[in-house]
Amino acid sequence: MLVLGIETSCDETSVALVEDNAIVENLVYSQIETHRVFGGVVPEIAAREHLKRLPILFLELIQKTNVKLEDVDGIAVTKGPGLIGALLVGVSFAKGLALRYGKPLVGVNHIEGHIFANYLAYPELKPPFIVLMVSGGHTLILKVETTEEFTIIGRSVDDAVGEAFDKIARLLGLGYPGGPEIDKVAKLGNPQAFQFPRPKFHDDDYDFSFSGLKTAVLYEIQRLRKGRLSDTDKLPQEIVADLAASAQEAMIDVLVHKVTKAARDHGIEKIVIAGGVAANSRLRERLKETAGFEFFLPPLELCSDNAAMIARVGVELLKKGHSDDLKLEPEPNFFEMLKSGTSKIS
């Protein structure tokens, strides 16, 4: 089955062709440079960039693969969660193609897409397994029973881990996006230099909390500045590196502890990592050091948002006879998707 995937949930515009479990082509245009000057994603600008780039990427995909739309079995598009303006661009484009070429259309949950990126990387992967979903918008632990049954057993009660990375990077005067910046700078620092809290580490549940850690970093910066630096003076580079390394280690300690606890409590040995923060080098290093479990980490190009993962979910849905009509509407809020029953995740 050959499926066209379209992804426009945030600041990556992407189109892909996936045949069963193999990527034919996966094109991604990142808007990071556009948004870097603002220190974060500007929704209106993101939507305009998608509107401008999506048709160009689509034509490039067709030219590179020599695939005719008549030969595609279906079209899969991200319906949410994400930025509403950005989602509307992708969904509208997908509807137009589906109508023009008479192809079945499926709306895909972006979170499911990140899980299915691992099926592309590991065709042998079979449920049951535990998923650690770590991204800028969500931090979740899911129990996957089958390819259509996902249950949330843990979540962040405040900031997502990727959001915490961004906020801490801003406090440290680092660039955007914060995750890669902290990952890079932390390699030069001592992760034991500052003893930051590990929120909810000892709780019996599988939930997370990162806002208190961010506040602890802020108070430590204020303490270091007191009587030594003005508000405009930069902290010494070695101090920034130590702060970055220590904050990163605190977050990763909690992530690794919680996901392995969930797997152990449910008697599951396979753990899948998904989402943009799955690219963090220290997280990947720590997981490889953790014994007793089989970890599945997607290649770096499949960690960030991409259309191949969306197309792979589309393959699964279309094979099982699922499709949406042209009334398909985007839903920006993940938990509203769960309430409305428009997601396979419960």
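Say whether the condition of being closer than 30 Å to LEU218 by Cβ and in contact (Cβ under 8 Å) with a residue 60 or more places away in the chain is met by at least one residue in the stretch 305-324. Step through it out loud before you land on a result.
Step one: filter the stretch 305-324 for residues closer than 30 Å to LEU218 by Cβ, giving 305.
Keeping just the survivors that are in contact (Cβ under 8 Å) with a residue 60 or more places away in the chain gives 305.
Yes: one or more hits.
Can you find, within the stretch 86-114, the residue that is surrounded by the fewest Cβ atoms within 10 Å (Cβ to Cβ) among those that are closer than 14 Å to ALA76 by Cβ and of a type in the set (Val, Ile, Thr)? The qualifying residue surrounded by the fewest Cβ atoms within 10 Å (Cβ to Cβ) is VAL91. Go through the stretch 106-153 and give me each residue that's out of contact with any strand residue (DSSP E or B) (no Cβ under 9 Å at 6 or more places or on another chain) and in a strand (DSSP E or B). Result: THR146, single match. I need the full set of residues from the stretch 280-312 which are surrounded by fewer than 20 Cβ atoms within 10 Å (Cβ to Cβ), of a type in the set (S, T, N, Q) and not in a helix (DSSP H, G or I), in order please. Across the stretch 280-312, the qualifying residue is only THR290. The listed residues are LYS270, LYS288, and the only one of them that is of a type outside the set (Val, Ile, Thr), over 29 Å from HIS50 (Cβ atoms) and in contact with a Lys or Arg (Cβ under 9 Å, 6 or more places away or on another chain) turns out to be LYS270.
Would a scan of the stretch 247-260 turn up a residue that is free of Cβ contacts under 8 Å to residues at least 24 places away in the same chain and acidic (Asp, Glu)?
Step one: filter the stretch 247-260 for residues free of Cβ contacts under 8 Å to residues at least 24 places away in the same chain, giving none.
Scanning the stretch 247-260, I find no residue that is free of Cβ contacts under 8 Å to residues at least 24 places away in the same chain and acidic (Asp, Glu), so the answer is no.
Kindly indicate whether LYS234 is over 21 Å from ALA278 (Cα atoms) and touching a residue at least 60 places away in the same chain (Cβ under 8 Å). Spelling it out, LYS234 is indeed over 21 Å from ALA278 (Cα atoms) and touching a residue at least 60 places away in the same chain (Cβ under 8 Å). Of the candidates VAL272, VAL277, VAL259, VAL315, the single residue that is surrounded by 22 or more Cβ atoms within 10 Å (Cβ to Cβ), of a type in the set (Val, Ile, Thr) and more than 18 Å from the chain's Cα centre (by Cα) is VAL315.
Every number in this text was worked out from the coordinates using simple rules, so none of it is lab data. Remember, it's a predicted structure, so these values are computed and weren't measured experimentally. When we count neighbours, we look across all protein chains shown, and the Cβ atoms used for this are built from the backbone with ideal geometry, even at glycine.
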